[in-house]
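Below is one structure, written out as structure tokens; the observations come after it.
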Amino acid sequence: MIFLRRLPNRSYKNRTYRLHRFKDPTMRSSMIRGLKVSLFTICLTASTALAENWPNWRGPNYDGVSSEKNLPAEFGDGKNMIWALAMPGMGSSTPVIWGDRIFLTSEGDNGNLLAICISTSGKELWRKTLGTSKRRARKDEGNDSSPTASTDGKYVWFYIGTGKLCCFDLDGKEIWSIDVQEKYGRFDIQFGMHTTPLHYDGKLYLQLIHTARQWVIALEAATGKEVWKVKRDSDGRDECEHSYASPCLWKSGDKAYLITHGNDYAIAHDLKDGHEIWRVGDLNGATGRYNPTLRFVASPVATPELIVVPTAKNGPVVGVKPDASGKVNSNSPGQQWRLKAGTPDVPSPLVKDGLVYLCRENGNMACIDAKSGEVYYTDQRTHNARYRASPVFAGDKIYITSRDGVITVLQPGKQFKVLATNKLGQEITASPAFSAGRIYIRTWDNLYAFGLSK
């Protein structure tokens with residue numbers, strides 16, 4: 001008789017099994033029945049888990065969109081709350097989830113910067129100290145634990161504002177680490193380094209855009225070894241050289257490229273060697289007046305049909321065709337549409353079902369046709385506060401999160417409609433994450449899991 005014994009491995013996708021034999025016919029028959037049920041359960045669980053993971057800042061498709069269903073519109077203390085776990089300190093990184101594990105970074109005691117692993121049952125499994133820093137962005141916002149982790153179900157990568165970039169297995173064993181400042185030059189950026197590296201197809205991609213340093217880098221994810229490094233040229237100056245945005249990925253079928261954002265341009269890079277495919281210009285000074293403080297914080301978002309490029313401080317928003325090439329300026333063939341004003345300053349755009357959603361830094365919402373650029377609504381008021389988290393789509397709803405802890409739930413579509421307003425009463429700068437029928441929200445005080453009551 002053959003049965004399977006699972007070897008230790010946290011990834012559903014990579015579980016391996018050994019064969020064992022029994023001679024007893026009764027045991028053989030019983031084990032066969034059990035094996036059929038077990039294999040069905042394993043296959044079902046594996047496919048479900050693969051679809052439900054939230055492996056990076058903007059989710060499984062790098063765009064802030066989840067395929068999760070049956071998520072609550074209303075939640076809070078005592079309402080649809082599954083658990084809450086106290087955090088050791090302030091943090092702005094979005095939780096990333098793989099299977100039954102959650103990963104995030106946080107500030108701890110005495111300025112320690114921590115990598116933390118939490119089970120989906122709400123218990124801390126391990127934590128590692130990555131470094132020490134007491135830097136605060138604008139004194140009351142992000143700190144050096146702001147970048148979000150990434151995972152592929154075998155490894156998890158953490159990056160912090162001190163420049164440490166490291167890889168662990170899911171049980172907390174360190175695989176490798178490098179000091180990015182030591183290798184690529186000291187950071188010179190006003191509010192600290194907050195960009196999040198992007199993991200795709202066995203590589204980690206990192207943009208370093210700050211005064212005197214303008215690099216785009218690809219590393220082997222399994223080893224940390226450099227694959228390529230390219231200089232990112234720009235004629236930007238002053239504070240514009242400081243980018244707080246993160247790279248994003250355009251993907252359609254087996255085609256993909258990287259997009260970096262900062263220093264007056266969004267630039268697409270070939271994944272093989274980093275060479276430039278296109279760059280979007282006229283983001284600063286197109287009207288003849290250059291703004292020396294137009295630093296980019298919001299990141300682009302890419303779908304197979306469109307790349308949406310934000311700027312800052314009520315500047316332009318540009319829809320870019322995926323097959324663009326060369327310089328994409330106003331009225332260039334590679335431009336799908338361009339709005340002269342109305343960009344989000346910090347939250348990144350969201351695209352779903354042919355509509356572009358923009359959340360301004362005060363919570364005002366806009367909805368734009370992804371193909372034509374037609375504005376269906378703009379400056380629709382939600383909760384009036386500062387907004388640092390990016391909007392996300394899940395369960396046929398849009399969730400936007402204010403700095404003072406109010407999560408507004410919107411109905412998607414060309415008409416503006418608020419479905420619910422949820423008040424957690426705690427500071428929030430991280431974006432929500434979704435997995436296995438749950439909403440995970442990281443405040444400065446707690447990590448929450450919300451889901452529909454059974």
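The values are calculated or read from the model by the stated rules, or taken from the named source; none is laboratory data. Everything numeric here is computed off the predicted structure, so don't read it as measured data. Quick reminder, even Gly has a Cβ in these numbers, built from the backbone with ideal geometry, and neighbours come from all protein chains shown.
Matching residues to (1) within 21 Å of the chain's Cα centre (by Cα); (2) in the same structural domain as LYS313 (by TED's automatic domain parsing); (3) crowded, with 16+ Cβ neighbours inside 10 Å:
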{"position": "GLU374", "(1), (2), (3)": "no, yes, no"}
{"position": "THR382", "(1), (2), (3)": "no, yes, yes"}
{"position": "GLY395", "(1), (2), (3)": "yes, yes, yes"}
{"position": "ILE398", "(1), (2), (3)": "yes, yes, yes"}
{"position": "ARG403", "(1), (2), (3)": "yes, yes, yes"}
{"position": "ILE407", "(1), (2), (3)": "yes, yes, yes"}
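Within region 409-422, restricting attention to residues that are touching a Phe, Trp or Tyr at 6+ places or on another chain (Cβ under 8 Å) and of a type in the set (S, T, N, Q), the residue that is surrounded by the most Cβ atoms within 10 Å (Cβ to Cβ) is ASN422.
The residues listed here are HIS194, HIS242, HIS199; of these, the one that is at pLDDT 95 or above, within 21 Å of the chain's Cα centre (by Cα) and under 28 Å from VAL351 (Cβ atoms) is HIS199. Residues that are touching a Phe, Trp or Tyr at 6+ places or on another chain (Cβ under 8 Å) and of a type outside the set (Val, Ile, Thr) within region 99-125 comprise GLY99, PHE103, ALA115, CYS117, SER121, GLY122, listed in sequence order. When the residues of region 375-405 are filtered to those that are among the polar types (S, T, N, Q) and in a loop (DSSP other than H, G, I, E, B), the one that is nearest to LYS423 (Cα to Cα) is SER402. Among the candidates THR260, THR343, THR303, THR311, the residue that is in contact with a Leu (Cβ under 6 Å, 6 or more places away or on another chain), among the hydroxyl-bearing types (Ser, Thr, Tyr) and modelled with pLDDT of 95 or more is uniquely THR311.
Within region 343-358, can you find the residues that are surrounded by fewer than 19 Cβ atoms within 10 Å (Cβ to Cβ) and either closer than 18 Å to ILE267 by Cα or small (Gly, Ala, Ser) (or both)? Once the filter is applied, which keeps residues that are surrounded by fewer than 19 Cβ atoms within 10 Å (Cβ to Cβ) and either closer than 18 Å to ILE267 by Cα or small (Gly, Ala, Ser) (or both), region 343-358 yields only GLY354.
Of all residues in region 285-304, those that are out of contact with any strand residue (DSSP E or B) (no Cβ under 8 Å at 6 or more places or on another chain) and surrounded by fewer than 24 Cβ atoms within 10 Å (Cβ to Cβ) total 10. Exactly one residue among LYS173, LYS164, LYS183 is farther than 28 Å from GLU239 by Cβ, basic (Lys, Arg) and either surrounded by fewer than 20 Cβ atoms within 10 Å (Cβ to Cβ) or touching a strand residue (DSSP E or B) at 6+ places or on another chain (Cβ under 7 Å) (or both), and that residue is LYS173.
For ARG289, work out the one condition from (1) assigned to a loop (DSSP other than H, G, I, E, B); (2) modelled with pLDDT of 95 or more it doesn't fulfil. ARG289 satisfies all of (1) assigned to a loop (DSSP other than H, G, I, E, B); (2) modelled with pLDDT of 95 or more except (2). Assessment of region 301-311 against the conditions (among the small types (Gly, Ala, Ser) and part of a loop (DSSP other than H, G, I, E, B)) yields no matching residue. The set of residues in region 409-422 being part of a strand (DSSP E or B) and either small (Gly, Ala, Ser) or over 24 Å from the mean Cα position of the chain (by Cα) (or both) consists of VAL418, LEU419, ALA420.
In region 190-204 there is at least one residue that is part of a strand (DSSP E or B), closer than 15 Å to SER246 by Cα and in contact with a Ser or Thr (Cβ under 6 Å, 6 or more places away or on another chain). Among the residues making up region 413-452, those that are among the aliphatic types (A, V, I, L, M) and within 19 Å of ASP396 (Cβ to Cβ) are VAL418, LEU419, ALA420, ALA433, ALA436, ILE439, ILE441, LEU452.
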